[in-house]
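**Student:** The structure's right below; bear with me while I get my questions together.
The values are calculated or read from the model by the stated rules, or taken from the named source; none is laboratory data. Here the structure is a predicted model, which means the values were calculated and not measured. Just so you know, the surface numbers come from the protein's heavy atoms only, side chains and all, with ligands and any DNA or RNA stripped out. Shrake-Rupley method; radii C 1.70, N 1.55, O 1.52, S 1.80 Å.
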Amino acid sequence: MSNAAAERCAKSYATIRKNMLFHDTSRGARSAVIIKSLIDTAAANNLDPELYLTELLEHARDFVNEPARAAEYMPWTEKMQERCMNKTRKEDLNQ
């Protein structure tokens, strides 16, 4: 048996914890945690995290005036699955 998968999972949290030591405010640390959560959620839904964050940031202004529209940009929605699916995952599905 191997625990490599568990170690890979824990490594990302250890890295983010180490990096958060350098945040000089709690707001900065909170922002980093939110971004890390978005990245992990995108990856868990087979999305390319960079594409997903780009989509969110491009449309973030819309959420201020219409907060209900934020639900359209959840990583499990069909819209986001089409726009941001991980390229390697798309290739696997096409075979």
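**Student:** List every residue whose amide H lies under 5 Å from the amide H of residue 77, counting only residues 5 or more places away in sequence or on a different chain, with H placed 1.01 Å from N in the peptide plane.
**Tutor:** Sorted by chain and number, the residues that satisfy this come to none at all.
**Student:** Here's something else I'd like to know. For the range 24-69, what % of the accessible area comes from carbon and sulfur atoms, probe 1.4 Å? Let's see the in-between values first.
**Tutor:** Details: 1790 of 3230 Å².
So the carbon and sulfur contribution to the accessible surface is 55 percent.
**Student:** So, one more: Treating cross-link reach as a plain straight distance, find the aspartates and glutamates whose alpha-carbon is under 14 Å from the alpha-carbon of residue 79, omitting any fewer than eight places away in the same chain.
**Tutor:** Hits, sequence-local ones excluded: 48, 55.
**Student:** Still on this model: Whole-Hz ³J(HN,Hα) for each residue in the range 29-34, computed from phi via Karplus 6.51 cos²θ - 1.76 cosθ + 1.60 with θ = phi - 60°, x for glycine and proline: what do you get?
**Tutor:** 5, 4, 4, 5, 5, 4
**Student:** Hey, another quick one. Convert each backbone phi in the range 35-40 into a coupling constant with the Karplus relation 6.51 cos²θ - 1.76 cosθ + 1.60 (shift: θ = phi - 60°), then list the ³J(HN,Hα) values in order as whole Hz, x for Gly and Pro.
**Tutor:** After applying 6.51 cos²θ - 1.76 cosθ + 1.60, I find 5, 4, 5, 4, 5, 5 Hz.
**Student:** Additional query: Using modelled backbone amide H atoms (1.01 Å from N, in-plane), which distant-in-sequence or interchain residues come within less than 5 Å of residue 47's amide H?
**Tutor:** 86
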